[in-house]
Ligand SMILES: *Cc1c(COP(=O)(O)O)cnc(C)c1O
């Protein structure tokens, strides 16, 4: 059965982005592919094998259910790291399958040790400290306590990582705060060295950290948004590109989102188009109907302002975005007919609709737009 829209993932774009990132971090640093949020909407089941083909062997997710999906598609051949939620039952599953996970509070550490002891198999932990973000992570006192507890229970643990998360490395406005975070992180690493409790890896950087704070690369970086070909902020993009001789974007968008024109309709001047009165036809015009609406992830804030590509031209959305449909003003494309390809995100001819154009028009983060793409839209791989 045909779905009303479909997503394409470009392998060559992903390869380009991964090469770019590897080049920046160097060969002694591991690139972990962050695939939480259904691989930022790209689809874990489709994206992870693609990344695997590009040489990726380390994946970071938010929760145990996502880890399970990555584990299933990689058949246990990759390192998987859970950065967030694991329920008590799933902790057993994680330890059983060598899934690594963040330990960001004392209860999680105690549960890990207890479960590992009962299974007679060590838990592979990444100790996450809070260095100023005030989200997850051990504070100073908890850190000391964790070190004491770990030293007593090392036979049940593999100290895989020592990490933190930066609170807004994509904006120079946070410079002082990030600098302080790095200082705190290094200070506590010194404590570990003194206590001879050494992690296998140190990591702190997300995409913005990779680009803006080279001293946070350590042994591994956790990269989400940039592997998909998007920048964590415009500021990060400008800061990078302005230092390059050729001012072009080194990243390529992996995702495209497409549909087809379903029907057309003639409207007389003076008529309202769609629900209510949000759009008034100021001349006779031709309307095109696309079978995609907010239930398929097309933001309703794009009513009357969104744009799509049709027959190589940019056309505007008129009226409100409905649950399952959106309407186009087709006066400039008199030949358009049902069945024509409609590009919601991506390229057609030499025109392009970027993910960031959505954020500009709807104040939605590019992260948010992508992760809201419904799981049931089919994802196809293209070269
Ligand atoms: C989401 C996330 C990342 C990746 O962030 P990007 O900005 O997409 O690169 C890294 N680390 C943690 C802890 C995260 O939650």
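Just name the residue that is modelled with the lowest pLDDT out of those in segment 342-369 that are assigned to a helix (DSSP H, G or I) and within 16 Å of the ligand (Cβ to nearest atom).
Going residue by residue through segment 342-369, those that are assigned to a helix (DSSP H, G or I) are 355-362, 366-369.
Imposing the further condition that a residue be within 16 Å of the ligand (Cβ to nearest atom) reduces the set to 355-356, 359, 366-369.
Values: 355: 89, 356: 84, 359: 75, 366: 85, 367: 89, 368: 88, 369: 88.
Top of the filtered list is 359.
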Every residue from segment 45-80 that is out of contact with any helix residue (DSSP H, G or I) (no Cβ under 9 Å at 6 or more places or on another chain) and within 16 Å of the ligand (Cβ to nearest atom) = 58, 79
Taking segment 188-197 and keeping only residues that are assigned to a loop (DSSP other than H, G, I, E, B) and either within 16 Å of the ligand (Cβ to nearest atom) or out of contact with any strand residue (DSSP E or B) (no Cβ under 7 Å at 6 or more places or on another chain) (or both), one is left with 195, 196
Might you check whether a residue that is modelled with pLDDT of 95 or more, crowded, with 21+ Cβ neighbours inside 10 Å and outside any loop (DSSP other than H, G, I, E, B) occurs anywhere in segment 169-180?
-> yes
Which pairs have Cβ atoms under 7 Å, sit 6 or more apart or on different chains, and link a residue in segment 222-244 that is in contact (Cβ under 8 Å) with a residue 12 or more places away in the chain and under 20 Å from residue 14 (Cβ atoms) to one that is in a helix (DSSP H, G or I) and more than 12 Å from the ligand (Cβ to nearest atom)?
-> 227/14; 227/18; 229/13; 230/355; 231/237
Hey, could you check segment 298-329 for residues that are assigned to a loop (DSSP other than H, G, I, E, B) and touching a residue at least 60 places away in the same chain (Cβ under 8 Å) and say which is nearest to residue 285 (Cα to Cα)?
-> 325
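Residue by residue, here is whether (1) crowded, with 19+ Cβ neighbours inside 10 Å; (2) over 17 Å from residue 32 (Cα atoms); (3) at pLDDT 95 or above; (4) more than 14 Å from the ligand (Cβ to nearest atom) holds:
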{"residue": "82", "(1), (2), (3), (4)": "yes, no, yes, no"}
{"residue": "118", "(1), (2), (3), (4)": "no, yes, yes, yes"}
{"residue": "126", "(1), (2), (3), (4)": "yes, no, yes, no"}
{"residue": "129", "(1), (2), (3), (4)": "yes, yes, yes, no"}
{"residue": "150", "(1), (2), (3), (4)": "yes, yes, yes, yes"}
{"residue": "154", "(1), (2), (3), (4)": "no, yes, yes, yes"}
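A quick yes/no check of all residues on (1) in a strand (DSSP E or B); (2) within 15 Å of the ligand (Cβ to nearest atom); (3) under 30 Å from residue 376 (Cα atoms):
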position	(1), (2), (3)
209	no, yes, no
215	no, no, no
227	no, yes, yes
236	no, yes, no
249	no, no, no
258	yes, no, yes
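Counting only residues that are part of a helix (DSSP H, G or I) and in contact (Cβ under 8 Å) with a residue 40 or more places away in the chain, how many does segment 11-28 have?
First, pick out the residues of segment 11-28 that are part of a helix (DSSP H, G or I): 11-25.
Retained after the next criterion (residues that are in contact (Cβ under 8 Å) with a residue 40 or more places away in the chain): 11-14, 16-18, 20-21, 24-25.
Residues in segment 11-28 being part of a helix (DSSP H, G or I) and in contact (Cβ under 8 Å) with a residue 40 or more places away in the chain: 11 in total.
The values are calculated or read from the model by the stated rules, or taken from the named source; none is laboratory data. Keep in mind that what you see is a predicted model, and the values were worked out from it rather than measured. We place every Cβ from the backbone using ideal geometry, glycine too, and count neighbours over all the protein chains shown.
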